[in-house]
Amino acid sequence: MKNNDKYESVIGLEVHTQLQTNSKLFCGDSASFGAAPNTNISPITLAHPGTLPVMNYLAIEYAIKLGLALNCRIEQHNFFARKNYFYPDLPKGYQVSQHTTPICKNGFVPIRINNTERNILLNRIHLEEDAGKSLHDVDKNYTSIDLNRAGVPLLEIVTEPDLHSADEAYAYLTQIRRLVRWLNICDGNMEEGSMRCDANISIRLKGEKKLGTRVEVKNLNSIRNVKRAIDFEINRLINLVEAGEKIVQETRSFDAENGTTFSLRTKEDADDYRYFPDPDLSPFFISDDKLQQIKSNLPMLPQDLEKKYITSYNLSGYDAAVICDDKEQAAFFEKIIEHTNNYKAAANWMLGPIKNYLNEAQTSINECAFTPQGIASIIQLIDDGKINFSIASSKIFAALISDPNKTPLQIATELNVIQESDTGSINIWVEEVIKKMPDKVKEYQSGKKGLIGLFAGEVKKLSKGKADMQLVNKFLEEKLQIK
């Protein structure tokens, strides 16, 4: 609308990432996804009287890994609190979380939009347990409860109100999902609920410092829907203000079918939760040695790997970003370039034939039979002029997928597609093509230079695709000159 330019949107995001531990945060119940309802439970998950929690220390390590990767300050003295609130799907009636001492403080997430980089400031990352799941479509008269998810460890990543558009939110969430997958602490699958996002949105006149009344949109289950919900909500808030109406602090949900939000309840403040230290969980301390051990075992982060590819291998920003979008894909690329110095060709194979195959086969690169050495050998055959890229991608690569035990050279020899680089043979083919098309030769010499593709195509047919096309084009240009 025309008045949108008067306003600035202010957005804060809360991202819940479900940690990939085998067991829950405070007991040995399985934390796996997809089990039959209410099978991953025990008296501790069900909060039977007399049961006591036991800390999952791997969840603490995962939290530290993410905090270090996001430039946070790690809080070494930690304790858990009880967050008292009515959770119909959390049997204790309270959630164990961190309040006064989040395990990670501050930090930032670098994002890039339209070739402009900026850091999104974080407020905190804290550990907490997940609630169960209310199911409203199992029984027409009752809400059903599945407690498998209750107690699964979560990290809540909370930004400052530092985002100003739906596009920034999209870029931020993409970075978070890539990083948690890269660190192997969360699968980032928003559709299965292992990564969920709440968006706090407000508007204010440009130039104002005071934040406007915020609304929260809960449990958005895809990055695309986060963007859609924020765009809708910004416009809704502007329309309210322009109509002279008051914005109410509330919690809303997003209807993905029609792209709109709707009210759930008025929003509670932190005071409503009545936090106090959990008496059943002792405080814990993270030593300097433990921090150093975790830090030294961190892999190179994707943004650092991108910079390496751009500066050391002269790849484009786009190529580097796509390769680093997935850790296994980047590892495969690293192994290819152990066997070839043609980094651009290796990137082209990753972004072209390999990516297309993975999409079509709906598989991951770790499940493929072909090897990095095999791809590097194909690149070498092309560089040596023995085959061209078209033959390599359409025939050699397909054969290598079917029989990875053969070398690309063996496959090329069996398929009889090794390029003919003998100048004598190529000269004969070129002269034969020119001789049988005198009219086209005259047109070419009169200015229709595009016809050289026609001549080259005829030579390719005549040679059954084996002629070195670089030499063919060179010979054609020489022989078609007006004498």
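The values are calculated or read from the model by the stated rules, or taken from the named source; none is laboratory data. Please read all numbers here as calculations on a predicted model, not as lab measurements. Note that each Cβ is placed from the backbone with ideal geometry, even for glycine, and that neighbours are counted across all protein chains shown.
Checking Asn366, Asn405 one by one, the residue that is surrounded by fewer than 14 Cβ atoms within 10 Å (Cβ to Cβ), assigned to a helix (DSSP H, G or I) and either without any contact (Cβ under 8 Å) to a residue 24 or more places away in the chain or not hydroxyl-bearing (Ser, Thr, Tyr) (or both) is Asn366 and no other. Please work out if Glu334 is in a helix (DSSP H, G or I), under 18 Å from the mean Cα position of the chain (by Cα) and surrounded by fewer than 17 Cβ atoms within 10 Å (Cβ to Cβ). No, not satisfied.
Selection of the range 53-71 for residues being among the polar types (S, T, N, Q) and farther than 14 Å from Lys24 by Cβ yields only Asn71.
I'd like to check something: does the range 424-445 contain any residue that is under 30 Å from Asp326 (Cβ atoms), among the charged types (D, E, K, R) and out of contact with any His (no Cβ under 7 Å at 6 or more places or on another chain)? Looking through the range 424-445, none of the residues is under 30 Å from Asp326 (Cβ atoms), among the charged types (D, E, K, R) and out of contact with any His (no Cβ under 7 Å at 6 or more places or on another chain).
Among the candidates Val158, Val180, Val138, the residue that is surrounded by fewer than 19 Cβ atoms within 10 Å (Cβ to Cβ), in contact with a strand residue (DSSP E or B) (Cβ under 9 Å, 6 or more places away or on another chain), more than 17 Å from Ala35 (Cβ to Cβ) and hydrophobic (A, V, I, L, M, F, W, C) is uniquely Val158. For the range 430-483, residues that are crowded, with 18+ Cβ neighbours inside 10 Å and of a type in the set (Ser, Thr, Tyr) total 2.
Would you confirm whether or not the range 25-48 contains a residue that is under 27 Å from Gln175 (Cβ atoms), touching a Leu at 6+ places or on another chain (Cβ under 9 Å) and either crowded, with 16+ Cβ neighbours inside 10 Å or not assigned by TED's automatic domain parsing to the domain that holds Gly93 (or both)? There is at least one residue in the range 25-48 that is under 27 Å from Gln175 (Cβ atoms), touching a Leu at 6+ places or on another chain (Cβ under 9 Å) and either crowded, with 16+ Cβ neighbours inside 10 Å or not assigned by TED's automatic domain parsing to the domain that holds Gly93 (or both).
So that you can scan it fast, the table gives a plain yes or no per residue for (1) at pLDDT 95 or above; (2) within 15 Å of Asp280 (Cβ to Cβ); (3) among the hydrophobic types (A, V, I, L, M, F, W, C):
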site	(1), (2), (3)
Glu75	yes, no, no
Phe86	no, no, yes
Asp89	no, no, no
Gly93	no, yes, no
Phe108	yes, no, yes
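Scanning the range 153-165 for residues that are touching a Phe, Trp or Tyr at 6+ places or on another chain (Cβ under 9 Å) and aliphatic (A, V, I, L, M) turns up Leu155, Leu163. Taking residues in the range 219-232 that are at positive phi, and partners anywhere that are of a type in the set (Ser, Thr, Tyr) and at pLDDT below 95, the pairs with Cβ atoms closer than 9 Å and at least 6 places apart or on different chains are Asn219/Ser253. Taken together, Ile11, Ile113, Ile60 contain a single residue that is under 26 Å from Phe276 (Cα atoms) and β-branched (Val, Ile, Thr), which is Ile60. Hey, among the residues in the range 8-46 that are part of a loop (DSSP other than H, G, I, E, B) and under 22 Å from the mean Cα position of the chain (by Cα), which one's nearest to Leu66 (Cα to Cα)? Looking at residues that are part of a loop (DSSP other than H, G, I, E, B) and under 22 Å from the mean Cα position of the chain (by Cα), I get Leu19. Within the range 408-420, the residues that satisfy the criterion of being assigned to a helix (DSSP H, G or I) and out of contact with any Gly (no Cβ under 8 Å at 6 or more places or on another chain) are Leu409, Gln410, Ile411, Ala412, Thr413, Glu414, Leu415. Screening the candidates Leu454, Leu471 for the property of being outside the structural domain of Ile391 (by TED's automatic domain parsing), closer than 25 Å to Val417 by Cα and modelled with pLDDT of 85 or more yields one hit, Leu454.
Across the range 103-135, the qualifying residues are those that are under 13 Å from Cys72 (Cβ atoms) and of a type in the set (Lys, Arg), and the one among them that is farthest from the chain's Cα centre (by Cα) is Lys105. Looking at this structure, is Asn148 surrounded by 16 or more Cβ atoms within 10 Å (Cβ to Cβ) and under 28 Å from the mean Cα position of the chain (by Cα)? Here the answer is yes, as Asn148 does meet what is asked. Please list, ordered by first then second residue, the pairs with beta carbon atoms under 8 Å, 6 or more apart or interchain, first in the range 272-291 and under 16 Å from Pro102 (Cβ atoms), second assigned to a helix (DSSP H, G or I) and polar (S, T, N, Q). No pair meets every condition. When every residue of the range 54-68 is checked against the conditions, none turns out to be at positive phi and surrounded by 15 or more Cβ atoms within 10 Å (Cβ to Cβ).
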